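What follows is calculated from the coordinates using simple rules that are stated; it is not laboratory data. Please read all numbers here as calculations on a predicted model, not as lab measurements. Glycine gets a Cβ as well: all are built from the backbone with ideal geometry, and neighbour counts include every protein chain shown.
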Amino acid sequence: MELSKEQQLYQTIVNEAWENEDFKAELLKDPAAAIEKLTGERLNLPEGKTLVVRDQTDAATVYINIPVEQRTDDVELNEEQLEAVAGGLQIFPVGLPIIIPTLPTYPLPIYNPKS
């Protein structure tokens, strides 16, 4: 299976942080600048977004990431969408994000309560 460009970039950053303590310190302090220095490319974050890097290399700690809650209670369907639903077609409202859980591409520690 071939990695996407984003996955390759992510793996490059993680590998460098594992191997280079100076890079890891820079990455924690100023992620965008450290990544640009490593790759030679400027990160293009969407307006209003912040990049946060946390050091999760302590094998004795299990981390849980809580993503942004997706609110769907105030979504209204337009006429075309209402007709499609009334006709039996299952659709998602236009613009509603579809959440597909993904796992990181790096190895995660396995929780073993017996150890």
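Okay, here's what the table says:
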{"read-out": "Leading residue by the ranking (nearest to the chain's Cα centre (by Cα)) among those in region 1-49 that are in a helix (DSSP H, G or I) and small (Gly, Ala, Ser)", "value": "Ala32"}
{"read-out": "Residue pairs meeting the criteria (Cβ under 7 Å; at least 6 apart or on separate chains; first touching a residue at least 60 places away in the same chain (Cβ under 8 Å) and farther than 13 Å from Lys24 by Cβ, in region 46-66; second of a type in the set (D, E, K, R) and assigned to a loop (DSSP other than H, G, I, E, B))", "value": "none"}
{"read-out": "Residue that is farthest from Lys49 (Cα to Cα) [pool: residues in region 65-84 that are assigned to a helix (DSSP H, G or I) and acidic (Asp, Glu)]", "value": "Glu83"}
